[in-house]
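Note sheet for the following structure.
The values are calculated or read from the model by the stated rules, or taken from the named source; none is laboratory data. Quick caveat, the model's predicted, so the values are computed rather than measured. A quick note on method: Cβ atoms are made from the backbone with ideal geometry, for glycine too, and the neighbour counts reach across all protein chains shown.
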Amino acid sequence: MIFTTEERARDLRQPAVFVDSSSLCSIHDMNFEALPDMVRTAPVKASKELWARTDLKPSDVSTAHLYDGFSVITFQWLEALGLVPQGQAGPFVAEGNTSLGGSLPVNTDGGAINVGRRHGANFCIEAVKQLRGECGERQVAGADVSVWANAVGPFAGAMLLTKS
């Protein structure tokens with residue numbers, strides 16, 4: 001992954017993908033055991049910052065690439081990012097919405113169970129590949145906005161990538 005200016009990206013062989021918004025944060029209490037609420041933690045704060053820095057909305061997202069070290073964390077990110085209403089991630093996933101062909105494909109590379117726990121690199125890589133149309137059989141048709149997010153608890157980061 002190379003991050004550079006738009007001008008320099010024009011000279012690269014691969015099509016450019018653009019960072020529309022990003023957020024990296026921590027919350028005041030860095031001790032998991034002392035967190036008063038395991039659901040409304042740093043991902044909520046990171047998500048608020050992410051959306052405050054863009055004109056895009058959760059409904060604009062074509063694909064999501066979310067930390068999945070534990071399954072519940074993916075649900076937490078779906079809700080924190082506003083991709084689904086609070087408390088609705090379970091039914092949303094159960095209805096097949098996060099699979100290829102669903103309304104919001106998530107972790108189209110198979111996530112950590114497929115690529116291992118690379119702690120964020122795989123999410124960024126897959127988001128870029130989706131926007132470039134390089135995913136073959138797992139390509140999401142018409143993907144033009146991808147969100148990727150990493151971490152949970154006291155630390156979190158998220159980024160919105162666009163095709164143009």
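Among the residues of the range 15-57, count how many are at pLDDT below 90 and either among the hydroxyl-bearing types (S, T, Y) or more than 15 Å from V152 (Cα to Cα) (or both).
Selection size over the range 15-57: 2.
Among the numbered conditions (1) surrounded by 15 or more Cβ atoms within 10 Å (Cβ to Cβ); (2) in contact (Cβ under 8 Å) with a residue 40 or more places away in the chain, tell me where G142 comes up short.
(1)
Which of (1) free of Cβ contacts under 8 Å to residues at least 40 places away in the same chain; (2) farther than 20 Å from L81 by Cβ; (3) not in a loop (DSSP other than H, G, I, E, B) does I113 not meet, given it meets every other one?
Only one criterion is unmet by I113, namely (1).
Checking the structure you have, find out if any residue of the range 109-117 is of a type in the set (V, I, T) and in contact with a strand residue (DSSP E or B) (Cβ under 6 Å, 6 or more places away or on another chain).
No, the range 109-117 has no match at all.
Any chance you could count how many residues in the range 62-110 are in a loop (DSSP other than H, G, I, E, B), aliphatic (A, V, I, L, M) and surrounded by fewer than 19 Cβ atoms within 10 Å (Cβ to Cβ)?
Residues flagged as in a loop (DSSP other than H, G, I, E, B), aliphatic (A, V, I, L, M) and surrounded by fewer than 19 Cβ atoms within 10 Å (Cβ to Cβ) within the range 62-110 amount to 1.
For the range 113-131, state whether one or more residues are surrounded by 14 or more Cβ atoms within 10 Å (Cβ to Cβ), at pLDDT below 95, over 12 Å from the mean Cα position of the chain (by Cα) and under 27 Å from A16 (Cβ atoms).
yes
So in the range 140-156, with the set limited to residues that are at pLDDT 95 or above and closer than 14 Å to H65 by Cβ, which one is nearest to the chain's Cα centre (by Cα)?
Checked the range 140-156; the qualifying residue nearest to the chain's Cα centre (by Cα) is W148.
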